[in-house]
Protein chains: 2
Amino acid sequence: MKPESSHSEPASYSISDLSREFGITTRTIRFYEDKGLLAPERRGQARIYSPEDRVRLKLILRGKRLGFSLDESREIIEMYDPAHGNVEQLQRLLQGIEQKRAQLQQQLRDIQSLMGELDDAEERTRASLAKNISP
Amino acid sequence: MKPESSHSEPASYSISDLSREFGITTRTIRFYEDKGLLAPERRGQARIYSPEDRVRLKLILRGKRLGFSLDESREIIEMYDPAHGNVEQLQRLLQGIEQKRAQLQQQLRDIQSLMGELDDAEERTRASLAKNISP
DNA sequence: GCAAAGGTTTACGTTAACGTAAACGTAAGG
DNA sequence: CCTTACGTTTACGTTAACGTAAACCTTTGC
């Protein structure tokens, strides 16, 4: 069911293959399809996922780790191919890209400050521990 | 209603002061209180927010930008004071801090890769634009 | 032939994070 | 005294992102 030629990439995946690999339920994967984020082929009734489908799923999950909604993740994925010919649409695409970049930069700043505060918190906690153990 | 001595920090804020400053509704602020993230004093019935309350609110909103739930933000805020004497609790606090750090590092990696992909997407989009304008 | 393993659709349930609205209190200004 | 601005409580409504369960195929191993 998962023909793997010696050491490279599987040609296709079942839904439970992907659910196991990424630690999510099959319900979740079908839900993403319902929302238009995935569109696997069918062999009869069953879904069969290509390596590209798997990549899309990875992108969705990365988006989740960054706090993106599924709509945001879909937009980001759609940014990957500028097949949307129209000049005006391409301009708006560039705008969208710039916006995401700004958001990511804000997140970077947020992470930096939070990291620093965690360092301080750890230090204070260790100090508190030392006081509670020695005397 | 907001005594400010020349150039420093206001001593207190009303709920609409804060809602205006941060671009959120008063409903949201009260909701956070309901969830135990804020505990402003009262003057009669009205809420009166201290500078510390305002900082807590800022931390909550930063958490939101990073995709944290309110429960997660509360935990993070609670990490700031190791008054929780018990040694065992302090150990678990250190664990929590370490976990958050790991999560933030994952987010950093995610942002880095996404940034790179946005660069590529922009480049392809500009190329597509050039093709659609010149000929 | 049949049970077990994996897949499917359909549909109702749940949780977080607020939105929205009603009904009311209170202090200041004209 | 009356309006206006700002605040309050209470409560039902909404959206996203799934969970859960029922009822049903279909292929495979014994």
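When you look at residue A:37, is it among the aliphatic types (A, V, I, L, M), in the same structural domain as residue A:111 (by TED's automatic domain parsing) and surrounded by 12 or more Cβ atoms within 10 Å (Cβ to Cβ), yes or no? Judged against the criteria, residue A:37 is not a match.
Of the listed requirements (1) open to solvent by 80 Å² or more (accessible area, probe 1.4 Å); (2) within 11 Å of chain A (Cβ to nearest Cβ); (3) touching a helix residue (DSSP H, G or I) at 6+ places or on another chain (Cβ under 8 Å); (4) not aromatic (Phe, Trp, Tyr), residue B:75 misses just one: (2). For segment A:94-106, the set of residues classified as over 19 Å from the mean Cα position of the chain (by Cα) and open to solvent by less than 30 Å² (accessible area, probe 1.4 Å) consists of A:94 only. For residue B:64, the test of being near DNA strand C (Cβ under 9 Å from one of its atoms), open to solvent by 30 Å² or more (accessible area, probe 1.4 Å) and within 14 Å of another protein chain (Cβ to nearest Cβ) is passed.
The values are calculated or read from the model by the stated rules, or taken from the named source; none is laboratory data. Please read all numbers here as calculations on a predicted model, not as lab measurements. Virtual Cβ from ideal backbone geometry, glycine too; neighbours counted across all protein chains shown. For the accessible areas, the whole protein counts, side chains as well, though only heavy atoms, and no ligand, DNA or RNA atoms are used. Shrake-Rupley method; radii C 1.70, N 1.55, O 1.52, S 1.80 Å.
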